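*Asks:* Can you read through this structure? Questions will come right after.
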Amino acid sequence: MSGPCSYGRPRRIRRGAALTLFLAGVLAAGAATGAWHEEAEGAVEQVAAQRPAGQPAADRAAVERAAAQAVADGKSGSQAAAEVVSRSGDRWSAIYTPGEFEDFQAQLDGAYVGVGLWVRQRPGGRITVSRVQPGSPAARAGIAVGDRLDAIDGRVSRGRPVTETVARLRGDPGGAPGAAAGTPVRLDLERAGRHWNVTLHRARLRTQNVTVDRPSGAGGPTRIKVAAFTRGTGAAVRRAVAAADPRHGLLLDLRGNTGGLVTEAVATASVFLHGGLVATYDIHGIERALYAERAGDTRIPLVVLVDGGTMSAAELLSGALQDRGRAVVVGSPTFGKGSVQMPSELADGSVAELTVGHYRTPAGRAVDGAGITPDLIVEDHAENRARTVLSGLGTGV
């Protein structure tokens, strides 16, 4: 179990983890822009507070000693390790059980157990359905966008955090791994004054983290929305670019992208760069580098959309394209999560994810605590402005 990972989840005892260069995202409700208020069952993010600069790091040797001593004394090694992490003040390090670690690996593959709903909180605290995954239990039951979700298994949803609602849909309200496929969940819903309830059975589903919007008629750019960097994202973006009309350019939408596998962020950078540096990172002071493949399309005009919900791997990608002069970045400043965590197994089989370093853009800019500042800062109607910018870049062919 080796390889650095840098992900935007704050320190939480015994909650999901990541393997190999991973930057899973997190967002405080309304962090930076106040615009992020949608959650998906299969998402890899958790709620957190904005991370201050200069965050301390937990000491790996101290964590491992505490776990080993606790196991020798017949106590919980993971709990002892979690106490050391808590005292360190490192909010990005965490301790996870083997089961939680395994559960999170499935999410990195784009898989999760749930009913196929995205939800958001409306004014007044009401929870409504914002998206329904095709072919999911929710879709088969006829649940539609705009339906109000009043209760889950008899527990009222109104006024509760969106993440709590998502956790109940997945069957993990206490922070444990989600319920198994086939387990039931009862939903109380409302649509246009009609109230009804339905019992769904959770299924193993796959998320669609890359969506493509192509112009319906002649003209107009292709918009590629990347929600997170799970396995296969880079290849999906490459396919989308290959099918796009290069005369009208591309919008790469990373708004609300909560991070993901760094390897997939680098693979995505390789779609637009013909080799060269993507980022550097350090592990205990030893610098490493990440490079793009020499297989990218450097001609097609490109604008990248970002906001305060753009985190970690998404910041790495947008910073690389900006520094390399490959894209114009439009939107609001990004979150600022650039610390690197590395997983290691403790004496009782649990996993410690501890901060070991930070990453930087090709120009040497530190992202942690600073984020990426767009070339054009736009708080409202950013996509419209991005389209205007793209139209002025001209054709790449």
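Condition check ((1) of a type in the set (Val, Ile, Thr); (2) open to solvent by 10 Å² or more (accessible area, probe 1.4 Å); (3) part of a strand (DSSP E or B); (4) within 21 Å of LEU108 (Cβ to Cβ)) across all residues:
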position: ALA242; (1), (2), (3), (4): no, yes, no, no
position: LEU252; (1), (2), (3), (4): no, no, yes, no
position: VAL266; (1), (2), (3), (4): yes, yes, no, yes
position: THR280; (1), (2), (3), (4): yes, yes, yes, no
position: ASP297; (1), (2), (3), (4): no, yes, no, no
position: VAL304; (1), (2), (3), (4): yes, no, yes, no
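*Asks:* Let me ask something additional. Tell me whether the stretch 81-94 contains one or more residues that are closer than 30 Å to VAL156 by Cα, among the polar types (S, T, N, Q) and in a helix (DSSP H, G or I).
*Replies:* Among the residues of the stretch 81-94, not one is closer than 30 Å to VAL156 by Cα, among the polar types (S, T, N, Q) and in a helix (DSSP H, G or I), which makes the answer no.
*Asks:* State the number of residues belonging to the stretch 306-318 that are in contact with a helix residue (DSSP H, G or I) (Cβ under 8 Å, 6 or more places away or on another chain) and either free of Cβ contacts under 8 Å to residues at least 40 places away in the same chain or open to solvent by less than 10 Å² (accessible area, probe 1.4 Å) (or both).
*Replies:* 6
*Asks:* Give ALA151, ALA106 a once-over and let me know the one that is among the hydrophobic types (A, V, I, L, M, F, W, C), closer than 27 Å to GLU345 by Cβ and either at pLDDT 95 or above or under 18 Å from the mean Cα position of the chain (by Cα) (or both).
*Replies:* Just one listed residue meets the conditions, ALA106.
Residues checked against (1) in contact with a His (Cβ under 7 Å, 6 or more places away or on another chain); (2) farther than 30 Å from PRO246 by Cβ; (3) surrounded by fewer than 18 Cβ atoms within 10 Å (Cβ to Cβ):
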site	(1), (2), (3)
ARG160	no, yes, yes
GLY182	yes, yes, yes
ARG186	no, yes, yes
ARG191	no, yes, yes
LEU200	no, yes, no
LEU205	no, yes, no
ASN209	no, no, no
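*Asks:* Of all residues in the stretch 254-264, count the ones that are open to solvent by less than 20 Å² (accessible area, probe 1.4 Å) and closer than 20 Å to TYR359 by Cβ.
*Replies:* Selection size over the stretch 254-264: 7.
*Asks:* Hey, could you check the stretch 344-382 for residues that are closer than 22 Å to ARG324 by Cα and among the acidic types (Asp, Glu) and say which is least open to solvent (accessible area, probe 1.4 Å)?
*Replies:* Ranking the qualifying residues of the stretch 344-382, first place goes to ASP368.
*Asks:* So, in the stretch 216-240, of the ones that are touching a strand residue (DSSP E or B) at 6+ places or on another chain (Cβ under 7 Å) and open to solvent by 30 Å² or more (accessible area, probe 1.4 Å), which residue ends up nearest to VAL306 (Cα to Cα)?
*Replies:* Per the criteria, the residue is LYS225.
*Asks:* Looking at the stretch 319-334, which of its residues are open to solvent by less than 30 Å² (accessible area, probe 1.4 Å) and either β-branched (Val, Ile, Thr) or without any contact (Cβ under 8 Å) to a residue 12 or more places away in the chain (or both)?
*Replies:* Hits for the stretch 319-334 are VAL329, VAL330, THR334.
*Asks:* Which residues, counting only those in the stretch 282-295, are out of contact with any strand residue (DSSP E or B) (no Cβ under 8 Å at 6 or more places or on another chain) and either open to solvent by less than 10 Å² (accessible area, probe 1.4 Å) or outside any loop (DSSP other than H, G, I, E, B) (or both)?
*Replies:* If the condition is that a residue be out of contact with any strand residue (DSSP E or B) (no Cβ under 8 Å at 6 or more places or on another chain) and either open to solvent by less than 10 Å² (accessible area, probe 1.4 Å) or outside any loop (DSSP other than H, G, I, E, B) (or both), then ILE286 is the only one that fits.
*Asks:* Select, from THR263, THR258, THR268, the only residue that is within 20 Å of ASP245 (Cα to Cα) and within 20 Å of the chain's Cα centre (by Cα).
*Replies:* Checking each option against the conditions leaves just THR268.
*Asks:* Report, by residue number, each residue of the stretch 308-329 that is in a loop (DSSP other than H, G, I, E, B) and either modelled with pLDDT under 95 or within 13 Å of the chain's Cα centre (by Cα) (or both).
*Replies:* GLY308, GLY309, THR310, MET311, SER312 - these are the residues of the stretch 308-329 that are in a loop (DSSP other than H, G, I, E, B) and either modelled with pLDDT under 95 or within 13 Å of the chain's Cα centre (by Cα) (or both).
The values are calculated or read from the model by the stated rules, or taken from the named source; none is laboratory data. Please read these numbers as outputs of a predicted model, since none were measured by experiment. A quick note on method: Cβ atoms are made from the backbone with ideal geometry, for glycine too, and the neighbour counts reach across all protein chains shown. The accessibility values were calculated without ligands, DNA or RNA, using every heavy atom of the protein model including side chains. Shrake-Rupley method; radii C 1.70, N 1.55, O 1.52, S 1.80 Å.
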